Amino acid sequence: PGTYVMTVTANDADDGTTANGMVRYRIVTQTPQSPSQNMFTINSETGDIVTVAAGLDREKVQQYIVIVQATDMEGNLNYGLSNTATAIITVTDVNDNPPEFTTSTVKQPQKGVRTSVIITRDLTRSIMGQAGSRNWGGMGLPTTTCTHSHFSFSQPKGPREKIQHFAAAVDYEMNRAFMLTVMVSNQAPLASGIQMSFQSTAGVTISVTDVNEAPYFPTNHKLIRLEEGVPTGTVLTTFSAVDPDRFMQQAVRYSKLSDPANWLNINATNGQITTAAVLDRESDYIKNNVYEATFLAADNGIPPASGTGTLQIYLIDINDNAPELLPKEAQICEKPNLNVINITAADADIDPNVGPFVFELPSVPSAVRKNWTITRLNGDYAQLSLRIMYLEAGVYDVPIIVTDSGNPPLYNTSVIKVKVCPCDENGDCTTIGAVAAAGLGTGAIIAILICIIILLTMVLLFVVWMKRREKERHTKQLLIDPEDDVRDNILKYDEEGGGEEDQDYDLSQLQQPET
């Protein structure tokens, strides 16, 4: 009480030294009349308005309307003249009220396990300070804190709090409910003389609702190692999934999602994997000795959920492929010491089931070792050459036995086609030698030429006979000589005859029949 508020001034055109110009002030009405009808008083001579009673509270009355009357004749209402004016008094805010939660407990069910989702907006607070002022929250709102590390608050522009789940996903099987203690406080301190707590607390219970979660494979990708070539029906492993819904009575079923070579089977109930065919490391479906298949585990929940798992099978090589001789065809001179044939082998297996290779000639037929010989160069290469001084030109099938170094070793008898031909001084086959090497001797070539000549002669004779026959067919001779042909002796005399019957000549009777 006694705090200066404002000053009002009235001007009178009369002489101020006389009573006609001496003005006095008084308050006529105050609206609202709360908490007292006389909250303000005015100095009658100066017009200063001051508070006269205690109890100004912005949270209850934010503004007062005061009607002030000015009267001359020193305020004599019977003789003086009066006028009124309106004084608007606005009550400003001080921080005399801490924030309070209007509800002390909030229960909110939460489904799912996602992060960064809004859980509740039902947590409201009572903020008595003026909105936007420091007493209302300094830079915006009072600061709200939470005692649980899984949750955070976003600060909206209003009295309703928004709790947001921001940390690791909640799991019904781990935590069915969360108990939060939330505290709200002003950023600005309370005004002096206010004996109240500057903060307020509330409890929030968040219950987690169980939802159907997908089964998962604990080991994904799962890698196993075994030798290739295991028989069909062999049990490889058990690739089972885990259903995280421990409190739901659900069954998990297994099926194949990807099996490129169709080599595997999986038991639908327990996830046991067996072979449906022989696994071959040398298959095109193998990448870096690894075969990969994907399986699906699905539960019978509502709605059903499923997860995938990848099985990787590392196949260990066994010696199951015999070496193949290279090249398949070659050329050599009929006389030795002019050139040789370099041979090698290819094996689909890997070390140690490949080289060094052993190259040898079979003992049967005996002509092979009689005519040919093999000289070893190193573990992968050898040379094939003639053993005898001369071999007739032609194409020869030379069998060669190639053996690898596997355990046990495998061998293969491959045939190389060797063209033996006469060569020039550079060791290259001559033209005649190339023909002879194709397998045609001189007698065979002469026989072919004679057959070609006979065929051409027969064709020529047939053409001549056909032309002569055509000429004879078009040349048909008359029964009489051409000089006696009556058709050349008929004359026209312009005389009337015996009619059409005299002109009906059948000249076909004069011609020679064809047969």
Enumerate the pairs (first residue in region 1-14 and aromatic (Phe, Trp, Tyr); second residue anywhere and open to solvent by less than 100 Å² (accessible area, probe 1.4 Å) and not in a loop (DSSP other than H, G, I, E, B)) with beta-carbon separation below 6 Å, excluding pairs fewer than 6 apart on the same chain, so at least 6 apart or on different chains. Tyr4/Val50
Output the residues belonging to region 228-262 that are of a type in the set (A, V, I, L, M, F, W, C), open to solvent by less than 30 Å² (accessible area, probe 1.4 Å) and without any contact (Cβ under 8 Å) to a residue 40 or more places away in the chain. Ala261
Residue tally, condition in a loop (DSSP other than H, G, I, E, B) and either buried (at least 17 other Cβ atoms within 10 Å of the Cβ) or among the acidic types (Asp, Glu) (or both), over region 305-338: 8
Against the conditions (1) in contact with a Phe, Trp or Tyr (Cβ under 6 Å, 6 or more places away or on another chain); (2) free of Cβ contacts under 8 Å to residues at least 12 places away in the same chain; (3) polar (S, T, N, Q), where does Gln33 fall short? Just the number, please. (1)
Pairs please, first residue from region 314-336 and under 18 Å from Asn353 (Cα atoms), second anywhere and β-branched (Val, Ile, Thr) and assigned to a loop (DSSP other than H, G, I, E, B), Cβ atoms under 7 Å, 6+ apart in sequence or on different chains. Leu315/Ile286; Asp317/Ile350
Qualifying positions in region 267-288 - part of a strand (DSSP E or B) and closer than 20 Å to Glu228 by Cβ: Ile273, Thr274, Thr275, Lys287
Tally of residues being under 34 Å from the mean Cα position of the chain (by Cα) and more than 30 Å from Asn212 (Cβ to Cβ) across region 307-346: 5
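Rundown of residues vs (1) at negative phi; (2) open to solvent by 40 Å² or more (accessible area, probe 1.4 Å), yes/no style:
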residue	(1), (2)
Asp48	yes, yes
Thr51	yes, no
Ile65	yes, yes
Gly75	no, no
Ala87	yes, no
Residues of region 320-361 being aliphatic (A, V, I, L, M), farther than 14 Å from Val415 by Cβ and in contact with a Ser or Thr (Cβ under 8 Å, 6 or more places away or on another chain), which ones? Ile332, Val340, Val354, Val358
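Okay, residues lined up against (1) surrounded by fewer than 17 Cβ atoms within 10 Å (Cβ to Cβ); (2) at pLDDT below 60:
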{"residue": "Ser152", "(1), (2)": "yes, no"}
{"residue": "Phe166", "(1), (2)": "yes, yes"}
{"residue": "Tyr172", "(1), (2)": "no, no"}
{"residue": "Thr205", "(1), (2)": "yes, no"}
Taking the criterion of being within 28 Å of Glu213 (Cα to Cα) and open to solvent by less than 60 Å² (accessible area, probe 1.4 Å), would at least one residue in region 282-294 satisfy it? yes
Taking region 352-398, which residues are over 18 Å from Val340 (Cβ atoms) and open to solvent by less than 40 Å² (accessible area, probe 1.4 Å)? Asn353, Val354, Gly355, Pro362, Gly379, Gly394
Taking region 44-59 and the residues there that are among the acidic types (Asp, Glu) and within 15 Å of Thr92 (Cβ to Cβ), the one that is modelled with the lowest pLDDT would be Glu59
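The values are calculated or read from the model by the stated rules, or taken from the named source; none is laboratory data. What you see is a predicted model, and the numbers here were worked out from it, not measured in a lab. All Cβ positions, even for glycine, are placed from backbone atoms using ideal geometry, and neighbour counts span all protein chains on display. Protein only, heavy atoms only, side chains kept; ligands, DNA and RNA dropped before computing areas. Shrake-Rupley method; radii C 1.70, N 1.55, O 1.52, S 1.80 Å.
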